[in-house]
């Protein structure tokens, strides 16, 4: 256990050290999110009325944070696949290290990486008018929930990165799956504006529950549809989603890693 | 002495293709065994099975007495693996990579000294992507050595190196063997084999087709008649001489010696017996061409290897 922890930290550090060596990755991830903020705050935002006339920018930002975190799966999948294709995993597998270290190092590093991007985005949000209307504990709880979700998304990314043959495929699959998930949600529009049949999907969508939970924690507008569990306890439902995702994708990812090249 | 590396009747199949077909091999402490074979012979698969990357479909595999698939970190700490090119982060530096690997080993060798010993001290801070092929190979060797292992698995250790780097690397590997480490190296380079190997195993079509010391292997081949004529032969003369030799000894083939003067030949496929010598002398007398040098020699390791495998891509001894 101690070795798994130490080795995991060494691999985490190795992955984090790579970020400044490829600054384009982080820069474009931030730029992409800022672009969404600007597009929706200044272009589409005026055409999206919120029930009760609440501030769209305050409504939007938690959604942008959640969207960014959801895309952690793509970051992990691409990183994992790249490591396999370049033979880095073969090198790691030749070392006297805990087997779990490669996977835990990847997921933890990606969570830290996303935390960094989150900080930059929060500052951008602050500039366009987003505010936390509650207190520091709620702010930290919201960030904690986002990072917990980032870990779950990284678990999906590990599984995907080990399942696809190339970085290009990892990219395509990630974006094909993640874009609809973030759009069929409460990230950009109130779920009330969706067709009736789509509203339950958006309501139970983990991206929606994560977004609603952070809006609730930070006192941002949260015009959530329905009176079911996701509407009443979005934080609890989000934690439930994290448990389900991790329980499914972490063991299957570990199994894939063990069976690699057999 | 118990072998540090042992393969007994190992079989490996990829689908319907049998890559290793009952391969047996042993390497004892302080011994260097070269696994020689053409591309696709199964050398890398054999090494990957020893590394625990791949599972054999049959037979017994032991590294330091343990099954490499289940040895875990404790076994890996005692085994150094030099993988073929790849797996190095192009944006990192040799110093960084070596320090990272050292962190996984208890009692790891000092990275800076190790870089110096493989001749990479001057490029310790150069990005891996800027290193030459030979420098990357030396870095791969340094990574195999960082844990001060008892067993070394070296996959094509001198591939892509310039002659100076090859000499340094061979000296380094020779030193490691002298320290008592068991070393298995796969190679295409007969210079590696003749200068380093205690024993050679030739792998062809998934089977070990010959084994022994380099000298024993070469001695197993038919001796050759070699000669150099006073001048080059024109195509008509070449055909005439070839025919004269083939009539005397069926199977005799005239082969121009690569890298030698135009009139230098050897005769393949026939022993240098008196009848063959007489046929050569008679033809030369008729054609009024002097024989400058004539000698019968034992075959080289290269010739023996070619006899066994037909691999024309082998790198000859420098």
Check: Which one of these does residue B:137 not meet: (1) under 26 Å from residue B:20 (Cβ atoms); (2) at the interface with chain A (Cβ under 9 Å from one of its Cβ atoms); (3) part of a helix (DSSP H, G or I); (4) in contact with a helix residue (DSSP H, G or I) (Cβ under 8 Å, 6 or more places away or on another chain)?
Finding: (2)
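State yes or no: is residue B:147 crowded, with 19+ Cβ neighbours inside 10 Å, at the interface with another protein chain (Cβ under 10 Å from one of its Cβ atoms), outside any helix (DSSP H, G or I) and at pLDDT 90 or above?
Details: crowded, with 19+ Cβ neighbours inside 10 Å: yes; at the interface with another protein chain (Cβ under 10 Å from one of its Cβ atoms): yes; outside any helix (DSSP H, G or I): yes; at pLDDT 90 or above: yes.
Yes: the conditions hold for residue B:147.
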Check: Is it the case that the range B:242-259 has a residue that's surrounded by 14 or more Cβ atoms within 10 Å (Cβ to Cβ), modelled with pLDDT under 85 and out of contact with any strand residue (DSSP E or B) (no Cβ under 9 Å at 6 or more places or on another chain)?
Finding: no
Checklist line | Index of the failed condition, residue B:72 passing every other in (1) facing chain A (nearest Cβ under 9 Å); (2) modelled with pLDDT of 90 or more | finding: (2)
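Filtering the range B:75-105 down to residues that are more than 7 Å from every other protein chain (Cβ to nearest Cβ) and modelled with pLDDT under 90, which residue is surrounded by the fewest Cβ atoms within 10 Å (Cβ to Cβ)? First the steps, then the outcome.
In the first step, residues of the range B:75-105 are kept if they are more than 7 Å from every other protein chain (Cβ to nearest Cβ); the result is B:75, B:78-80, B:82, B:84-85, B:88, B:90, B:92-99, B:102.
If we keep only those that are modelled with pLDDT under 90 too, we end up with B:82, B:84-85, B:88, B:90, B:92.
Working: B:82: 24, B:84: 16, B:85: 15, B:88: 21, B:90: 12, B:92: 19.
Among those residues, the one meeting the criterion is B:90.
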Notebook entry, point to check: Which ranges mark the helices (runs of 4 or more DSSP H) fully within the range A:186-262 that have 3 or more residues being without any contact (Cβ under 8 Å) to a residue 12 or more places away in the chain and under 22 Å from residue A:71 (Cα atoms)?
Noted result: A:234-258
Item checked: Conditions (1) within 13 Å of the chain's Cα centre (by Cα); (2) modelled with pLDDT of 90 or more; (3) more than 12 Å from residue B:36 (Cα to Cα): number failed by residue B:158 -> (2)
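Could you list, in sequence order, the residues of the range A:27-40 that are more than 12 Å from residue A:121 (Cα to Cα) and surrounded by fewer than 17 Cβ atoms within 10 Å (Cβ to Cβ)? Spell out how you get there, then give the answer.
Quick first cut of the range A:27-40, residues more than 12 Å from residue A:121 (Cα to Cα) only: A:28, A:39-40.
Once the filter is applied, which keeps residues that are more than 12 Å from residue A:121 (Cα to Cα) and surrounded by fewer than 17 Cβ atoms within 10 Å (Cβ to Cβ), the range A:27-40 yields A:28, A:39.
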Item checked: Residues satisfying the stated conditions in the range A:5-14, i.e. touching a helix residue (DSSP H, G or I) at 6+ places or on another chain (Cβ under 8 Å) and more than 10 Å from chain B (Cβ to nearest Cβ) -> A:8, A:12
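In this structure, is residue B:165 modelled with pLDDT under 90 and assigned to a loop (DSSP other than H, G, I, E, B)?
Numbers: modelled with pLDDT under 90: yes; assigned to a loop (DSSP other than H, G, I, E, B): no.
Against the criterion (modelled with pLDDT under 90 and assigned to a loop (DSSP other than H, G, I, E, B)), residue B:165 does not qualify.
More than 30 Å from residue B:8 (Cα to Cα), under 26 Å from the mean Cα position of the chain (by Cα) and at pLDDT below 90, is that true of residue B:266? Break it down stepwise before answering.
Working: more than 30 Å from residue B:8 (Cα to Cα): yes; under 26 Å from the mean Cα position of the chain (by Cα): yes; at pLDDT below 90: yes.
Yes.
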Margin query: Condition (residue is within 14 Å of chain A (Cβ to nearest Cβ) and either at pLDDT 90 or above or assigned to a loop (DSSP other than H, G, I, E, B) (or both)) applied to the range B:15-28: is it met by at least one residue?
Written below: yes
Notebook entry, point to check: With respect to residue B:310, is the statement that it is on the phi > 0 side of the Ramachandran plot, outside the structural domain of residue B:240 (by TED's automatic domain parsing) and at pLDDT below 85 true?
Noted result: yes
Margin query: What's the number of the only condition in (1) under 22 Å from residue B:63 (Cβ atoms); (2) surrounded by fewer than 17 Cβ atoms within 10 Å (Cβ to Cβ) that residue B:216 fails to meet?
Written below: (1)
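The values are calculated or read from the model by the stated rules, or taken from the named source; none is laboratory data. Treat the numbers as computed from the prediction; the structure is a model and nothing was measured. Note that each Cβ is placed from the backbone with ideal geometry, even for glycine, and that neighbours are counted across all protein chains shown.
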